[in-house]
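Inspection log for the structure reproduced underneath, given as structure tokens.
The values are calculated or read from the model by the stated rules, or taken from the named source; none is laboratory data. Every value quoted in this text rests on a predicted model; they were computed, and no experiment measured them. Note: ideal-geometry Cβ built from the backbone for every residue, glycine included; neighbour counts use all protein chains shown.
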Amino acid sequence: MVEIRDRQLQGHSLRVANYTKTFIQFLLDQPSYNSILNKADIELGFYSGLLHDIGKISVSGWILKKNLKFSPHQLLNFKLRIEKLKNKIISKKFSEFSSDTSKETYVKDLKALNDSIKQINVHLNNLLLLVNESIEISSPNNIKKVLKQIDVFKNLFNVSDDLLKKWELSLLTIDSGSLCEEEMSEIQKHSESGYNILKDMSWPSHLKALPEIVYSHHERINGSGYPRKLKGDQIHFVCQVLSICDIYDALSSRDRVYKKAFTVEEIQLIFLEMVKKRELDGNLVSIFIKNVVPIFQSSKDIYSKVA
Ligand SMILES: [Fe+2]
Ligand SMILES: [Fe+2]
């Protein structure tokens, strides 16, 4: 259901389920993990993977699909404001035509107006281009260019109107990704919403921990995750395994059009950083990269690889 609402996440849950299942199967053969895990955890991992993002059904669709810092509606609003301003400046210039109605003066005024329109178009097109770039990627340098372009334009055409609203500027200056704080916290509610959807269902005994795993799949062992800031063993072991698979799929998936797919080498570096910060368990990450990723890497269609 989540994936019907969010095409960018299509296949994500099934891939995470399959990665988690394969990862647990591998760990069960390792002496250091076969006392922590048991065979029933293979199924627990698989179904937790399938359902881990179910809470996203309670997140507004437009936030799930938002891949730029402006929504299409916000971008349209900005474009309309620019267009309105352009017409206002042109009308003003027109009203300033000389009262001398001789043909020469009229032609001269008309030529000056045409030159102004050309200049306005160049500046506003440039501004639009810079804003379009800024809503796609986070670049402080680009924001500086946007502000400079606005300044130049306002001085040149003696404009006092706001070309960019305060809230638009704060959207453009989002550090990473496309979501502002409010939108991010709405998305982050999905693990708790998932838990609430699943907690009162009657689960067979080996799947009893599934709602808790769904609740905790964005927790990190150093306590930096959300929503409860759990630490270490407070996070179910199957959930720690699942989280690695979830992060891997988010980074490697080409379904997420707002993020380019990272190469395995780039993903390794990101994981290394997370391990350094103690967000993830280093041994688990290293086993995953060495032994689980290669199983799936050679096949584009993981569904045919893992039954
Ligand atoms: Fe999630
Ligand atoms: Fe996920």
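Evaluating Ile267 against the criteria (1) assigned to a helix (DSSP H, G or I); (2) over 16 Å from the mean Cα position of the chain (by Cα); (3) closer than 28 Å to Ala40 by Cβ; (4) β-branched (Val, Ile, Thr) leaves one unmet condition, (3). Examine segment 200-219 for a residue that is more than 15 Å from ligand 2 (Cβ to nearest atom), free of Cβ contacts under 8 Å to residues at least 60 places away in the same chain, under 23 Å from Lys65 (Cβ atoms) and surrounded by fewer than 19 Cβ atoms within 10 Å (Cβ to Cβ), and state whether such a residue exists. Checked against the condition, which is being more than 15 Å from ligand 2 (Cβ to nearest atom), free of Cβ contacts under 8 Å to residues at least 60 places away in the same chain, under 23 Å from Lys65 (Cβ atoms) and surrounded by fewer than 19 Cβ atoms within 10 Å (Cβ to Cβ), segment 200-219 yields no hits at all.
Say whether the condition of being in contact with a Gly (Cβ under 6 Å, 6 or more places away or on another chain) and of a type in the set (D, E, K, R) is met by at least one residue in segment 165-176. No, because not a single residue in segment 165-176 is in contact with a Gly (Cβ under 6 Å, 6 or more places away or on another chain) and of a type in the set (D, E, K, R).
Residues are listed down the side, and each one gets a yes or a no for (1) small (Gly, Ala, Ser); (2) buried (at least 21 other Cβ atoms within 10 Å of the Cβ):
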| position | (1), (2) |
| --- | --- |
| Gly232 | yes, no |
| Val238 | no, yes |
| Ser243 | yes, yes |
| Ile267 | no, no |
| Glu273 | no, no |
| Lys290 | no, no |
| Val293 | no, no |
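If you check Ser160 against the conditions, is it assigned to a helix (DSSP H, G or I) and of a type in the set (Gly, Ala, Ser)? Here the answer is no, as Ser160 does not meet what is asked.
Assigned to a helix (DSSP H, G or I) and at pLDDT below 95: does that describe Leu128? Yes.
Among the residues making up segment 103-160, those that are touching a residue at least 24 places away in the same chain (Cβ under 8 Å) and either in contact with a Cys (Cβ under 7 Å, 6 or more places away or on another chain) or among the hydroxyl-bearing types (Ser, Thr, Tyr) (or both) are Ser116, Ser134, Ser138.
Residues are listed down the side, and each one gets a yes or a no for (1) of a type in the set (Ser, Thr, Tyr); (2) touching a strand residue (DSSP E or B) at 6+ places or on another chain (Cβ under 7 Å); (3) away from ligand 2 (no atom under 16 Å from the Cβ):
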site	(1), (2), (3)
Asn34	no, no, yes
Lys39	no, no, yes
Ser48	yes, no, no
Ile54	no, no, no
Ile57	no, no, no
Ser60	yes, no, yes
Lys79	no, no, yes
